[in-house]
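Shown next, in structure tokens, is the structure this report addresses.
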Amino acid sequence: MLYKKLKYILIVILLVSCAKPQPSEDQITGTWKGLDGARIELNANHKVKIVNYPLNLNNSNFKGTLNGSGTWKIYKDKRDPWWSIEILAENDKMIPELQSKGIAIELFITQSGLLGNGSQVKNLFIWKGDPDLDDRYQFYKN
């Protein structure tokens, strides 16, 4: 009986420890840079400016970089453990593979803190490939 109670308590602790509160806009707004020079500027008015974002992060068949602007919002999909930022952007030039200028980017938010206490945004990332391999392209706040 004691074993079952302990097992239940451990499961609850594990689930709660994985829960992270919604990041504040103050933590999200600002300039985020990738290691190869890509830059995303998230403004308080929910406008975004993007410089040299590698298009192959969205699809390995895409070539070139995204340079443009658009809008962003914070959201959480029930299937993902992370909060995310959805960016809808217009490139400065046509993206041949899409035959349009528009593209959507989903960046996941990595947060610190245990049990949601003192949770701070550490970085933003997009999967470069198989999430099981934990291969990420990361952006760090400038």
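Across the options THR31, LEU42, PRO81, the greatest Cα extent toward the positive end of the charge dipole of segment 14-99 (unit charges at beta carbon of Lys, Arg, Asp, Glu) belongs to PRO81.
Using the per-residue mean of other Cβ atoms lying within 10 Å as a proxy for protection, in what order, highest first, do the peptides 81-94, 123-136 fall? Could you put the intermediate results ahead of the total?
Values: 81-94: 15.7, 123-136: 13.8.
Taking the mean over residues of other Cβ atoms within 10 Å, the ranking is 81-94, 123-136.
Roughly how many debye, to the nearest 20, is the charge dipole of segment 21-141 about its Cα centre, given +1 on each Lys and Arg Cβ, -1 on each Asp and Glu Cβ, and no other charges? Show your work: numbers first, answer last.
Working: 15 positive and 15 negative charges, 54 e Å.
The dipole magnitude comes to about 260 debye.
Considering lysine pairs in segment 21-141 that are 8 or more places apart or on different chains, how many have Cα atoms under 13 Å apart? Could you put the intermediate results ahead of the total?
Values: LYS33/LYS49; LYS33/LYS122; LYS33/LYS141; LYS47/LYS73; LYS63/LYS93; LYS93/LYS101; LYS122/LYS141.
Summing the qualifying lysine pairs gives 7.
Since every read-out is calculated from the coordinates, none of them should be taken as a lab result. This structure is a prediction, so every number in the text was calculated from the model and none was measured. Note that each Cβ is placed from the backbone with ideal geometry, even for glycine, and that neighbours are counted across all protein chains shown.
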